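Heads up: the structure comes next, in C-alpha cells.
The values are calculated or read from the model by the stated rules, or taken from the named source; none is laboratory data. Model, not experiment: these values are computed from the prediction. Note: ideal-geometry Cβ built from the backbone for every residue, glycine included; neighbour counts use all protein chains shown.
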Amino acid sequence: MKKILLLALFSFFLINVFAQVGTDSAAYQAQRKKINDMLTVRKQRFGQYDQSLSQHTGIFGLQTKKDIRHSNDILMDIVKTDNDILLQTKILLDYRTFEQSQVQSHAVEVDSNVTGYMATINKLRSENDKLKHDAEVSDQDHKRASTRALTIVIALIVIVLFLLRAKYVKKD
C-alpha cells in the first residue's frame with residue numbers, strides 16, 4: 001500500500017513538473033524564435049548597408065549626400081533593430097529566470113508536500129498499530145471476561161446441583 005501511494009505521489013509530481021515546463025518552454029521557444037527572426041532581419045539590413053556603402057552615384061564615382069543619407073538611414077534601422085534585440089534578449093533571460101525560480105519553488109512545494117504526506121503516513125501507521133494493540137487487548141479482556149462468566153455459571157450450576165443433590169439425599 002505504501003509503495004502504491006508513493007508511486008502515485010511521484011507520478012503526480014512528474015506530471016505537474018512536465019506540464020509546467022512544457023507551457024513555459026513554449027513561451028521561451030516563441031521568444032527565441034522572435035529573437036532569431038530579428039537577427040535575420042538585422043543581417044539583411046547589414047547587407048543592405050554594406051551595398052549602400054559601395055554605391056557611388058556621384059560625379060567621378062563619388063558618393064553623394066543622398067547615398068550617405070541612405071546609408072545612415074539603414075545604419076539607424078540596424079541600431080534600432082539591435083536595441084530591440086537587446087530588449088527581447090532581456091525578456092528571454094527573464095523567461096529563463098522565471099522558469100528556474102518557478103521550477104525551484106514547485107520542487108520545494110512538492111518536497112514539503114511529500115514530507116507532509118510521509119509524516120501523515122507515519123502518524124496513521126502508528127495510530128493503526130495502536131488500534132490493533134487496543135483491539136488485541138480488548139479481545140483478551142473479552143475472552144477473560146467470557147471465561148470468568150462461564151466459570152461463574154458453571155460454578156453456580158455445580159453449587160445448585162450440589163445443593164439439590166444434598167436436598168434429595170436428606171429426604172431419602
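Of the numbered conditions (1) within 30 Å of Q100 (Cβ to Cβ); (2) loosely packed, with under 11 Cβ neighbours inside 10 Å, T81 satisfies every one except a single condition; which is it?
So T81 meets the others, but not (2).
Taking interchain pairs and intrachain pairs at least six residues apart, which have beta carbon atoms under 6 angstrom, with the first residue in the range 53-76 and surrounded by 14 or more Cβ atoms within 10 Å (Cβ to Cβ) and the second aromatic (F, W, Y)?
Matching pairs, first to second residue: I74/Y49; L75/Y49.
Considering only residues that are under 34 Å from the mean Cα position of the chain (by Cα) and among the charged types (D, E, K, R), which ones fall in the range 119-143?
Within the range 119-143, K123, R125, E127, D129, K130 meet the criteria.
Answer with yes or no whether Q88 is farther than 30 Å from Q44 by Cα, out of contact with any Phe, Trp or Tyr (no Cβ under 9 Å at 6 or more places or on another chain) and not aromatic (F, W, Y).
Details: farther than 30 Å from Q44 by Cα: no; out of contact with any Phe, Trp or Tyr (no Cβ under 9 Å at 6 or more places or on another chain): yes; not aromatic (F, W, Y): yes.
Spelling it out, it is not the case that Q88 is farther than 30 Å from Q44 by Cα, out of contact with any Phe, Trp or Tyr (no Cβ under 9 Å at 6 or more places or on another chain) and not aromatic (F, W, Y).
Within the range 101-108, does at least one residue satisfy the condition of being farther than 24 Å from S25 by Cβ and either among the aliphatic types (A, V, I, L, M) or in a helix (DSSP H, G or I) (or both)? Spell out how you get there, then give the answer.
Initially, the range 101-108 is screened for residues farther than 24 Å from S25 by Cβ, giving none.
Looking through the range 101-108, none of the residues is farther than 24 Å from S25 by Cβ and either among the aliphatic types (A, V, I, L, M) or in a helix (DSSP H, G or I) (or both).
Scan the range 42-56 residue by residue and report those that are charged (D, E, K, R) and either modelled with pLDDT of 90 or more or within 51 Å of the chain's Cα centre (by Cα) (or both).
Filtering the range 42-56 down to residues charged (D, E, K, R) leaves 42-43, 45, 50.
Those that are charged (D, E, K, R) and either modelled with pLDDT of 90 or more or within 51 Å of the chain's Cα centre (by Cα) (or both): R42, K43, R45.
List pairs: first in the range 80-100 and touching a residue at least 60 places away in the same chain (Cβ under 8 Å) and over 28 Å from Y49 (Cβ atoms), second of a type outside the set (F, W, Y) and surrounded by 11 or more Cβ atoms within 10 Å (Cβ to Cβ), Cβ under 8 Å, 6+ apart or cross-chain?
Y95/D24; Y95/A27; Y95/Q31; F98/D24; E99/V21; E99/D24; E99/S25
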